[in-house]
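The values are calculated or read from the model by the stated rules, or taken from the named source; none is laboratory data. Quick caveat: nothing in here was measured; it's all calculated off a predicted structure. All Cβ positions, even for glycine, are placed from backbone atoms using ideal geometry, and neighbour counts span all protein chains on display. Areas reflect the complete protein model, heavy atoms only, side chains present, ligands, DNA and RNA absent. Shrake-Rupley method; radii C 1.70, N 1.55, O 1.52, S 1.80 Å.
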Amino acid sequence: MKRIIALILILASMSLLGCNQQLNEKDNLTLELDGKIKEINIFKSNGFDKSNSDLIVTVTNEETIYNLRNIITSATKLDGIVDIREPDFNLDIIYKDNSKEKFYIWLEKNGGKGALMNSEDTNTLYNISEEMNDEWIDFIEVNKNG
């Protein structure tokens, strides 16, 4: 009887560990940001790892930051090896503690999905839905001239 109870406990434990691993893998399928955002700077990209001089807009409005954060965190991880053209835009996120994260953005102007990549993890690409891609384009078009 003790063996049966021990076997049941072992199987239950293995099941719980398997579920936990699946949850952790699922959690890693979307992009997360590290803290409370103070501002977001969007630049016309000069390419990977190059400094930016063509600032399009600095966002400090909390509602706009909230909306852009939702677009970023709704991006879903793509599987496979990344081989992609130079980015369209660079994004600097500055947190309230003055730490920074940098991202590369690719947008499709004629419909389609965009992409997002953390500059610290250039082996991982995140898909931006067509709807969110269009929201990025609209936001940049409205703000690029001031």
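If you scan the range 104-146, which residues turn out to be open to solvent by 20 Å² or more (accessible area, probe 1.4 Å), over 19 Å from D79 (Cβ atoms) and of a type in the set (F, W, Y)?
Hit for the range 104-146 is F139, nothing else.
I71 passes all but one of (1) assigned to a helix (DSSP H, G or I); (2) modelled with pLDDT of 90 or more; which number fails?
Looking at each condition in turn, I71 falls short on (2).
Quick one: is D121 within 17 Å of the chain's Cα centre (by Cα), acidic (D, E) and either part of a helix (DSSP H, G or I) or at pLDDT 90 or above (or both)?
No; evaluated as a whole, the condition is false for this residue.
Being basic (K, R) and either open to solvent by less than 70 Å² (accessible area, probe 1.4 Å) or under 14 Å from the mean Cα position of the chain (by Cα) (or both) is the filter here; which residues of the range 66-99 pass it?
The answer is R69, K77.
If the requirement is being part of a loop (DSSP other than H, G, I, E, B), modelled with pLDDT of 90 or more and either within 12 Å of the chain's Cα centre (by Cα) or acidic (D, E) (or both), which of these qualifies: E63, E108, E32?
E108
Determine which single condition N20 fails, assuming it passes every other condition in (1) more than 18 Å from I140 (Cα to Cα); (2) surrounded by 13 or more Cβ atoms within 10 Å (Cβ to Cβ); (3) at pLDDT below 90.
It is condition (2) that N20 fails.
Counting only residues that are buried (at least 16 other Cβ atoms within 10 Å of the Cβ) and either in a loop (DSSP other than H, G, I, E, B) or out of contact with any Lys or Arg (no Cβ under 6 Å at 6 or more places or on another chain) (or both), how many does the range 51-60 have?
Counting residues in the range 51-60 that are buried (at least 16 other Cβ atoms within 10 Å of the Cβ) and either in a loop (DSSP other than H, G, I, E, B) or out of contact with any Lys or Arg (no Cβ under 6 Å at 6 or more places or on another chain) (or both) gives 3.
Would you please list the contacts, defined by Cβ atoms under 7 Å and residues six or more apart or on different chains, that run from a residue in the range 73-93 that is at positive phi to a residue that is among the hydrophobic types (A, V, I, L, M, F, W, C) and exposed (fewer than 13 other Cβ atoms within 10 Å of the Cβ)?
Matching pairs, first to second residue: none at all.
Filter the range 125-146 for residues that are in a loop (DSSP other than H, G, I, E, B) and at pLDDT 90 or above; which is nearest to E32 (Cα to Cα)?
For the range 125-146, the residue satisfying everything is L125.
Checking F48 against (1) open to solvent by 30 Å² or more (accessible area, probe 1.4 Å); (2) within 12 Å of the chain's Cα centre (by Cα); (3) among the aromatic types (F, W, Y), only one condition comes out false. Which one?
So the condition that F48 fails would be (2).
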